[in-house]
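Each reported figure results from applying straightforward, stated rules to the coordinates on display, with no laboratory input. All of these numbers come straight from a predicted model, not from anything done at the bench. Virtual Cβ from ideal backbone geometry, glycine too; neighbours counted across all protein chains shown.
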Amino acid sequence: MNLQRNQETCRAIWACVVILALASVGYAEPSSPSNHEHTNRLAQSASPYLLQHAHNPVNWYPWGDEAFERARAEDKPVFLSIGYAACHWCHVMERESFENEELAAVMNEHFIAIKVDREERPDIDEIYMAATIAATGRGGWPMSVFMTPDRRPFLCGTYFPRRDRGGRRGLQDLCVDIAAQWKADRPRLLSQAKELVQQVRNRKRVAGGGTIPTRQTVARSVDRIARGFDPKLGGRRSRSNKFPPTMAMELMLREFATQRVVSKPELIETVETTLTRMADGGIYDHIGGGICRYSTDPRWFAPHFEKMLYDQATVSGVFLSAYQFTGKARYARVARSILDYCVADLQDSRGGFYASRDADSEGEEGEFYVWRRSQIEALLSPDDADLFCSYYNVRPQGNWHRGKNILFVSTEDAAFADAHGMTVDVWRERLERMRRIIFDARAKREAPRLDDKVLVEWNGLLITSLARAYRILDEPKYRVAAERAATFILSEMVRDGQLFRAHRRGKTHISAYASDYANLIEGLITLYETTFDRKWLTAATELNERLIKDFQDVKRGGFFYTATDAEPLLTRSKNARDSVVPSGTSTAVLNLLKLSILLHRPDLKETAERALAAMQTMVARGQLERLQWAVLFYHDKPKEIAIIGDSNAAATKALIDEVYSRYLPNKVVASCPPAEALTPTALPLLERKTLRQGKPAAYVCRDYLCGRPVTAPADLAKQLEAD
């Protein structure tokens, strides 16, 4: 216990150091136009990504009517470039092409150039990403799209070098060719545009009219997903990049935890292998906490160093689930370090969480995170330096390139400690001390640039993870962080019941998308289920009504990505597929099922059923991993757990802790003091439930039929473990 308390104290001090070291390192606003040779229309933008391009010689426009009207008036095609502030290859393309005067002159003469921040306008991004994938078979950022003045794409790609290189077409020659074709062979380009638009519409169409996917459909899907994982290295089989497969891992855990007949231990082995490899690899920041966006190799060794808020949320969430399921302390430690990083480095003073940290600093990708052996030796004693470098595989010649080292672990702590004549606890305490020294030194480096906009969608994901961590790890600071974020969004980013997506430096803008509503609602529901403060459930309910009103596909079921009054694009997408974040539909369905129980609202369940039926074909194909969580929730008849007692009483907390000590993905939890349960405004699940013999009591129910109320955690455990 003393070691644990010491480590907690160290973590708290460390977090303060992070705040002091990094809080002031944000995105620098452009200086006045007089200090720059060029200034374009992006200088008036709120987006950090667009501001990065405000002084390019390219005459950039933001997305809007002005740009397209100019294209029509001048009879020019449009060049659309989509990226985001933390994108390394976006920076490369800017340096190579968009800062080049010669190329800029070609673009300015022959095209209307438009820049879009994909994080602010995911509706635009997903449409033209669908076009890019249809045209090339792959997607990514930066995304480069040539299109007509009426917004129809005819040629798509991702990163282009300035000149032809390595079999890749150069942007400058491509622009010259397309400009010539626009004048001499326009019908062919228009024919390409027509075909590509139809492919986009086909890709985004969801037929509807099916039946609710079966439990067996999900079981078959999980088997296919598991077979696609690398049994030795974890993650999906790949010869190159590996992204954290969080939604697939959570689905495997849920399938294993809720199956009734056949045991599939390989699912747990697959998840554990992946989590262990990720936690050992360079994709995980062993010094400062947090997870990078992806690994550029199949071993999780060399990351793409950008840190995205959504990854911190989803990866910490699956580590929390694995800790609940296995009880292995290492998973809890990784979840803590990721969430501590978020609170220390990404949370604004008013509560919202920023979007990302860049991959680059000092003009190099990953420069902030890598080390030379000599740098370690200059900071630590000889004995400590040898231990540190041995544990993290730091070599004199470097393990990456140009003599630099990415820190990664290849030996279990117990084996490493034993080989060096220490107990595990002594080794971890010594390692923690060394990490702090290395961290303090690293904090003096030029930090990667911060994208300081607040996005509701990503904040909702993190609120969910923080609220769960508050109970699972028994850590009140995570409750504080989650409530501050929720309070900020509800006070600053909701106007007259309408949610807005983005906020930066006092400016709230862009009407929210279905995924913003759905992820925030999920976060608010989770906050209620962990804090039992009714205001969070009230806010979730109100936003859910707005989601249904503005986004529901009344004819076919499910939810459109954009609201009924949104700007028309090539098609109104359902956006059912998960990407790096879950789709709005998948999260909304799970929210509807939970709210239908908490509020005793059969109409919400019916709305969820229509959405599930609309997605039947896609689920049968093994797609929509997160929607399959909802299918399992629907068929599993979730446990309805009602706890009556004063939330400050130790006996009440003991019952709540018993609930959160185990992995129960298909449940809803409600609690209130005994007096509130007897009022007309009590939640239906809590109505008329009472203390037992003067003690806090737990009721485990299904379909509102409850078992015998219990007051002892051990008795509650038996009911929770029963089918």
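Tabulated data
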quantity: Segments 514-520, 327-333 sorted - mean Cβ within 10 Å per residue, highest first; calculated: 514-520, 327-333
quantity: The range 639-721: translational diffusion in µm²/s, Stokes-Einstein, Kirkwood Rh over Cα pairs, 10 °C, 1.306 mPa s; calculated: 127
quantity: Contour minus Cα-Cα distance for SER191 and ASP425 (0.36 nm per residue); calculated: 77.5 nm
quantity: Computed over the chain: relative contact order in percent, which uses C-alpha pairs under 8 Å that are six or more apart; calculated: 12
quantity: Potential extension, ALA105-GLN199 segment - 0.36 nm per residue separation minus Cα distance; calculated: 30.5 nm
quantity: Packing-based order for 390-400, 550-560, using average beta carbon neighbours within 10 Å, highest first; calculated: 550-560, 390-400
quantity: Using a Förster distance of 30 Å, the FRET efficiency for GLU364-ASN35 (Cβ separation, nearest 0.05); calculated: 0.75
quantity: Fraction of antiparallel bridges per DSSP, the chain only, in percent to nearest 5; calculated: 75
quantity: MET107, MET434 arranged by Cβ crowding within 10 Å, fewest neighbours leading; calculated: MET434, MET107
quantity: Three-way shape call for the range 183-312 based on the alpha-carbon gyration tensor, with the a/c threshold at 1.5; calculated: oblate
quantity: Full-stretch length increase - THR136, ARG708 - with 0.36 nm per residue and alpha-carbon distance subtracted; calculated: 199.9 nm
quantity: Amide H contacts of LEU686 (H built 1.01 Å from N, under 5 Å, at least 5 apart or other chain); calculated: none
quantity: Karplus (6.51, -1.76, 1.60) ³J(HN,Hα), θ = phi - 60°, over the range 304-316, in Hz, Gly and Pro reported as x; calculated: 8, 6, 5, 10, 9, 4, 5, 5, 4, 5, 6, 5, 4
quantity: ARG534-THR211 pseudo-label distance in nm [points 7 Å out on the Cα-to-Cβ vector]; calculated: 4.2
quantity: For the range 584-593, Karplus couplings with θ = phi - 60° (6.51, -1.76, 1.60), whole Hz, Gly/Pro x; calculated: x, 5, 4, 5, 4, 5, 5, 4, 4, 5
quantity: Amide H within-cut-off set for ALA512, under 5 Å, with H built and near neighbours excluded; calculated: LEU499, PHE500, ARG501
quantity: LEU678, LEU233 arranged by Cβ crowding within 10 Å, fewest neighbours leading; calculated: LEU678, LEU233
quantity: Whole-Å distance, taken between Cα centres, linking the range 270-337 and the range 131-149; calculated: 31
quantity: Distance between modelled label sites at SER491 and ARG236, nm, 7 Å Cα→Cβ extension; calculated: 4.1
quantity: Hz values of 3J(HN,Hα) by residue in the range 637-646 - Karplus curve (6.51, -1.76, 1.60), Gly and Pro given as x; calculated: 6, x, 6, 9, 10, 10, 10, 9, x, 5
quantity: Packing rank of 209-216, 568-575, where each peptide gets the mean count of other beta carbons within 10 Å, highest leading; calculated: 568-575, 209-216
quantity: DSSP bridge pairs, the range 34-204: antiparallel proportion in percent, nearest 5; calculated: 55
quantity: Volume per residue of the C-alpha convex hull in the range 31-173, rounded to whole Å³; calculated: 109
quantity: Cα→Cβ-extended label distance, 7 Å offset, between GLU687 and ARG330, nm; calculated: 5.0
quantity: Cross-link partners of LYS76 among aspartates and glutamates (Cα-Cα below 12 Å; sequence separation of 8 or more within a chain); calculated: GLU109, ASP150
quantity: ASP418/ASP646 FRET efficiency (R0 41 Å; Cβ-Cβ; nearest 0.05); calculated: 0.30
quantity: Between the range 431-446 and the range 197-243, the Cα center-to-center distance that results, in Å; calculated: 41
quantity: Cβ-derived FRET efficiency at R0 35 Å, HIS509 paired with ALA675, nearest 0.05; calculated: 0.20
quantity: For the range 499-558 and the range 657-723, distance of Cα centres in Å; calculated: 27
